[in-house]
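Here the structure comes first, spelled out in structure tokens, and everything after it is commentary.
The values are calculated or read from the model by the stated rules, or taken from the named source; none is laboratory data. Not measured: the values here are computed from a predicted model. Cβ: placed from backbone, ideal geometry, glycine included. Neighbour counts: every protein chain shown.
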Amino acid sequence: MADIIQLLPDHVANQIAAGEVVQRPASVVKELVENAVDAGSTLIQLIVKGAGKTLVQVVDNGKGMSERDMLLSVQRHATSKIRTAEDLFQLHTKGFRGEALASIAAIAHLEITTRQEEDQVGVQLKIEGGAIGDTKPVACDEGTSIAVKNLFFNIPARRNFLKSDTVELRHIIEEFQRIALAHPDIQFDFYHNNSELFKLPPSNLRQRIVNVFGGKTNEKLVPVQEDTGVVKISGFISKPAFTKKTRGEQFFFVNNRFVKNSYLHHAVSSAFEGLLKPGYHPGYFIFLQVEPSSIDINIHPTKTEVKFDEDQAMYAILRSTVKHSLGQFNVTPALDFDRDANLDTPYSYENKAPQLPAVEVDSNFNPFKEDNKGSIKVKSYPKHNKVEASWESLYVSMDSGDDYNTVSIESESSSEELFSEQETDFSATTYQLHKKYIVTTIKSGMVIINQHRAHQRVLYEQYLKNITVDTGNSQQLLFPLELKFSTTEMELLKSIKDSLERTGFVFSEMTSDSIQVSGMPLNISESDVGGIIDQLLADFQQEVPESSLSQSDILAKAMCRTLAVKSGTHLNTVAQESLVNNLFATKEPMVSPFQKPIFITMSLEELDKRFLE
Ligand code: ADP
Ligand code: MG
């Protein structure tokens with residue numbers, strides 16, 4: 001048989017290599033920004049469009065490339081960073097494989113513009129799917145700009161595999177944050193679809209963390225510091241009181257490179273042992289400096305995993321360093337698991353006397369009063385009748401003692417199907433199951449309602465209405481609340497200030513890094529304010545709204561997500577009834593604002609059938 005083995009052409013080999021290096025737009029961001037760091041830049045700008053699917057561009061003021069180097073840079077295994085295999089054990093750069101640009105060039109449209117300090121003019125090169133164009137001279141600043149357009153244009157399967165813009169942008173932000181945290185001395189600017197997401201001036205590490213994660217982060221941080229023969233440890237951990245249910249803010253950097261290492265993570269977590277509520281995670285920003293030769297970062301193609309020679313020693317040192325910091329900063333004794341975590345927030349109301357949360361229902365309610373024993377009647381009114389039972393009734397005490405027995409609901413199509421036209425006797429027909437579901441009867445059988453989602457729907461529609469149609473009521477705060485934010489967060493807040501005010505917030509002052517809240521919507525408690533605004537900022541950072549409509553939508557979603565009663569909350573009968581009625585008065589009682597089903601029904605027929613078996 002004839003010989004059949006052939007060497008693959010370069011462009012095919014590069015496409016295959018690209019599969020490992022470039023999984024998504026965020027991988028391009030990582031490679032380009034790391035190259036800019038390696039080039040000794042002090043200012044790096046990241047410009048992204050369409051969550052990186054349309055454009056990822058990195059502009060730096062680093063050392064630039066000669067024309068020859070530029071042409072070589074897009075060849076596979078072409079690198080200026082190592083020369084011999086031994087160099088692999090003395091790495092001081094982020095890159096070393098010489099694969100990134102070649103891989104990216106194989107699967108996207110690439111445009112490199114670069115100028116070295118000593119050159120009068122720069123050079124430019126365009127490559128489309130591996131086809132290298134001619135170089136041409138251009139006038140440009142010192143440094144390098146690399147633009148990557150139409151990622152995966154020649155591999156539709158990969159392009160289709162990409163997630164929504166929201167998800168891809170989140171991955172990009174993650175990569176960006178990892179590099180920005182590792183290099184606080186470099187200025188980073190990040191724009192997405194022409195709006196500025198981050199502007200991080202050169203600073204120390206603490207300030208960089210605060211600029212990335214917002215002003216309130218500052219008070220959460222406890223420094224860690226240790227210098228042994230094996231490793232030098234520096235950075236910050238979060239105070240136990242500020243630990244979160246998400247694993248968001250957990251960063252290890254080994255020799256300034258972000259790494260994931262479950263063993264080290266375990267060391268930190270175990271130092272927090274006994275200080276964390278179950279299900280809560282510590283936050284940390286820990287930098288380890290070790291001899292480059294004592295680690296192997298070569299075990300993973302995208303280089304986020306690391307192996308230490310002396311990993312057991314590393315574990316012990318790290319654990320005791322973190323424990324020491326927790327003890328030294330006296331954060332241990334103040335801990336009390338049953339304390340309301342909201343009271344630990346760093347905001348200025350912290351020092352004020354606690355207030356009862358406004359979730360009490362009808363303090364005048366007297367179960368022995370004859371009137372109250374009556375049935376709750378749900379009437380079906382014709383369409384367009386005004387909804388009297390507003391969403392507030394879930395939380396607000398209803399002083400019109402007798403009246404609340406009859407709650408009217410708007411008869412939208414879906415509620416018509418569920419409830420009979422006639423008055424329905426609803427006496428004692430709601431039942432809360434495991435503090436999570438509300439079970440109630442309907443004409444045809446029964447309905448099981450997810451209380452959290454139901455309340456989300458009710459609040460969502462209410463807030464959306466406030467924002468878009470009429471203004472919500474506001475309660476004045478006795479002492480204005482001051483909240484701190486990063487400059488980027490403040491920019492965002494300013495852009496949504498009007499909408500926020502329509503929901504009932506009143507901001508008496510806005511500076512470049514703080515706001516004063518002097519009024520807030522009814523039915524939310526002061527301790528919720530920080531949480532709502534945090535949620536809001538997180539949502540807006542992930543999903544940069546294109547129109548004011550989607551802005552209102554994000555706002556209403558953030559508020560309902562934070563404020564809706566959670567599973568695990570006991571609701572008394574009045575609150576249960578009220579929630580059920582309010583739910584079926586909404587426009588879309590079937591699905592939550594996050595497109596999850598709110599209730600399921602089971603007909604008598606179905607029940608009967610099951611008993612036949
Ligand atoms: P690696 O970073 O592993 O060396 P890359 O494919 O990422 O491989 O880059 C290839 C080479 O191109 C680098 O070694 C560097 O010499 C050059 N290069 C890439 N980006 C830049 C930049 N922004 N500024 C200066 N040189 C760069
Ligand atoms: Mg590189």
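Couple of notes before you dig in:
- Residues in region 83-93 that are within 13 Å of ligand 2 (Cβ to nearest atom) and modelled with pLDDT under 80: Leu91 only.
- When Arg76, Arg83, Arg68 are checked against the criterion of being in contact (Cβ under 8 Å) with a residue 24 or more places away in the chain and either at negative phi or more than 36 Å from the chain's Cα centre (by Cα) (or both), Arg76 stands alone in meeting it.
- Total residues in region 570-588 satisfying the condition of being surrounded by fewer than 22 Cβ atoms within 10 Å (Cβ to Cβ) and part of a loop (DSSP other than H, G, I, E, B): the figure is 5.
- Of all residues in region 254-274, those that are closer than 17 Å to Ala313 by Cα and among the aromatic types (Phe, Trp, Tyr) total 1.
- Boolean, Lys126 is more than 9 Å from ligand 1 (Cβ to nearest atom), modelled with pLDDT of 95 or more and more than 35 Å from the chain's Cα centre (by Cα): yes
- Among the residues of region 458-466, none qualifies, meaning not one is of a type in the set (Ser, Thr, Tyr), surrounded by fewer than 21 Cβ atoms within 10 Å (Cβ to Cβ), touching a Ser or Thr at 6+ places or on another chain (Cβ under 9 Å) and not in a strand (DSSP E or B).
- In region 16-25 there is at least one residue that is over 25 Å from Leu169 (Cβ atoms) and either within 12 Å of ligand 2 (Cβ to nearest atom) or assigned to a helix (DSSP H, G or I) (or both).
- Residues that are modelled with pLDDT of 95 or more and within 10 Å of ligand 1 (Cβ to nearest atom) were ranked within region 101-119; the one that is surrounded by the fewest Cβ atoms within 10 Å (Cβ to Cβ) is Gln116.
- Flag for Leu181 being over 32 Å from the mean Cα position of the chain (by Cα), away from ligand 2 (no atom under 16 Å from the Cβ), surrounded by 15 or more Cβ atoms within 10 Å (Cβ to Cβ) and touching a residue at least 12 places away in the same chain (Cβ under 8 Å): no
- Per-region count, region 204-243, residues at pLDDT below 90, over 14 Å from His324 (Cα atoms) and part of a helix (DSSP H, G or I): 9
- Candidates in region 256-288 are the residues that are in contact (Cβ under 8 Å) with a residue 60 or more places away in the chain and not in a strand (DSSP E or B); of these, the one that is surrounded by the most Cβ atoms within 10 Å (Cβ to Cβ) is Gly283.
- Hits in region 12-45 (condition: of a type in the set (Gly, Ala, Ser), within 12 Å of ligand 1 (Cβ to nearest atom) and either in contact with a His (Cβ under 8 Å, 6 or more places away or on another chain) or free of Cβ contacts under 8 Å to residues at least 24 places away in the same chain (or both)): Gly40
- The combined condition, being touching a Gly at 6+ places or on another chain (Cβ under 8 Å), more than 28 Å from Asn255 (Cα to Cα) and crowded, with 17+ Cβ neighbours inside 10 Å, is not fulfilled by Ala51.
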